[in-house]
Amino acid sequence: MQVLFLALGASRKRAVVEESAEVVARGGRAVVLVGVRKPWLDQGFAPEVELVTADELEASHLPRRLERLVLYRVPRLVVRVAGRGPLRSRAKRALKAYERRVAGRIHRRVFVPLHRRVWPRLADRMVWRHFSPRKGPELMVVADALSVPRAVQLIQAWESEGLAVPRVSYGIDSDVSPQTSAAR
């Protein structure tokens, strides 16, 4: 069974950790989608539980990877190659200034709005693709109140694209196991 935990508000951490561990213990796959990764790092998830953010999923899209290559990786490579010896400190300062003043602004003001205008439902599709291209999550656990609008958005996007909509609950059902979910 594949279970998506929406925990954008980080208010039910212990419940999400315990229920995701239970899903993994039953032989399922648990993916926890959070708004910010930092508050969740010290929670002690089971090793098989995947902790992801929407930004990480969106960053795996090809145009975003190309943007990162052009704006950040190529200039860093140039500084690494050309900024040796006595030019090293100046090259590093110039790179920091470039990333802050030029690349960061282009990313925030130009590319992100353009990317979201061209692919408005990309974040929703990337959540689906994180499971597999053909089969998404079977159960979506909405862990807190801040996750409810995102759950609605995901369901609407998946329905409009003709994808199967998972069951939605506030916690995992104790009687659901991988064997019974396959029979449904």
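Starting from residues that are in contact (Cβ under 8 Å) with a residue 60 or more places away in the chain and more than 20 Å from GLU18 (Cβ to Cβ), keep the ones in segment 135-150 and report whichever is most open to solvent (accessible area, probe 1.4 Å). Spell out how you get there, then give the answer.
Pass one, segment 135-150, residues in contact (Cβ under 8 Å) with a residue 60 or more places away in the chain: 135-147, 150.
Checking the rest, the ones that are also more than 20 Å from GLU18 (Cβ to Cβ) come to 135-136, 150.
Numbers: LYS135: 106, GLY136: 3, ARG150: 32 Å².
Within segment 135-150, the match that is most open to solvent (accessible area, probe 1.4 Å) is LYS135.
Would you mention how many residues in segment 75-93 are of a type in the set (Val, Ile, Thr) and open to solvent by less than 70 Å² (accessible area, probe 1.4 Å)?
Of segment 75-93, the ones of a type in the set (Val, Ile, Thr) are 78-79, 81.
Retained after the next criterion (residues that are open to solvent by less than 70 Å² (accessible area, probe 1.4 Å)): 79.
Going through segment 75-93 one residue at a time, the tally reaches 1.
Could you please give the count of residues in segment 18-59 that are polar (S, T, N, Q) and closer than 18 Å to PRO166 by Cα? Explain how you work it out, then say what you get.
Looking only at segment 18-59, we keep the residues that are polar (S, T, N, Q), and these are 20, 43, 53.
Checking the rest, the ones that are also closer than 18 Å to PRO166 by Cα come to 20.
So the count comes out to 1.
Tally up the residues in segment 1-16 that are within 11 Å of SER147 (Cα to Cα), of a type in the set (A, V, I, L, M) and buried (at least 20 other Cβ atoms within 10 Å of the Cβ), please.
Of the residues in segment 1-16, 3 are within 11 Å of SER147 (Cα to Cα), of a type in the set (A, V, I, L, M) and buried (at least 20 other Cβ atoms within 10 Å of the Cβ).
Just the residues that are surrounded by 11 or more Cβ atoms within 10 Å (Cβ to Cβ), at pLDDT 90 or above and of a type in the set (Val, Ile, Thr), please, taken from segment 94-127.
Within segment 94-127, VAL102, ILE106, VAL110 meet the criteria.
Inspect segment 16-25 for any residue being in a loop (DSSP other than H, G, I, E, B) and within 18 Å of the chain's Cα centre (by Cα) and give the result as yes or no. Talk me through it step by step, then tell me what you get.
Within segment 16-25, the subset in a loop (DSSP other than H, G, I, E, B) is none.
No, every residue in segment 16-25 fails to be in a loop (DSSP other than H, G, I, E, B) and within 18 Å of the chain's Cα centre (by Cα).
Restricting to segment 39-59, name every residue that is open to solvent by 50 Å² or more (accessible area, probe 1.4 Å) and within 20 Å of GLY104 (Cβ to Cβ).
ASP55, GLU56, listed by residue number.
Checking VAL165 against (1) out of contact with any Pro (no Cβ under 8 Å at 6 or more places or on another chain); (2) assigned to a loop (DSSP other than H, G, I, E, B); (3) modelled with pLDDT under 85: exactly one of these is not met. Which one?
(3)
Confirm whether LEU57 is over 15 Å from PRO137 (Cβ atoms) and either touching a residue at least 24 places away in the same chain (Cβ under 8 Å) or touching a strand residue (DSSP E or B) at 6+ places or on another chain (Cβ under 9 Å) (or both).
Answer is no for this residue.
Got at least one residue in segment 44-54 being part of a helix (DSSP H, G or I) and modelled with pLDDT of 90 or more?
Pass one, segment 44-54, residues part of a helix (DSSP H, G or I): 54.
If we keep only those that are modelled with pLDDT of 90 or more too, we end up with none.
So far as segment 44-54 goes, no, none of its residues is part of a helix (DSSP H, G or I) and modelled with pLDDT of 90 or more.
Is there a residue in segment 134-152 that is part of a loop (DSSP other than H, G, I, E, B), under 19 Å from VAL52 (Cβ atoms) and either of a type in the set (Ser, Thr, Tyr) or at pLDDT below 85 (or both)? Walk me through how you get there before you give the answer.
Step one: of segment 134-152, the residues part of a loop (DSSP other than H, G, I, E, B) are 134-138, 143-144.
Still in the running and under 19 Å from VAL52 (Cβ atoms): 135-138, 143-144.
Within this subset, residues satisfying the condition of being either of a type in the set (Ser, Thr, Tyr) or at pLDDT below 85 (or both) are 135-136.
Among the residues of segment 134-152, at least one is part of a loop (DSSP other than H, G, I, E, B), under 19 Å from VAL52 (Cβ atoms) and either of a type in the set (Ser, Thr, Tyr) or at pLDDT below 85 (or both), which makes the answer yes.
The values are calculated or read from the model by the stated rules, or taken from the named source; none is laboratory data. These numbers were taken from a predicted model, which means no experiment stands behind them. We place every Cβ from the backbone using ideal geometry, glycine too, and count neighbours over all the protein chains shown. Ligands, DNA and RNA are excluded from the accessible area calculation, which covers all protein heavy atoms including side chains. Shrake-Rupley method; radii C 1.70, N 1.55, O 1.52, S 1.80 Å.
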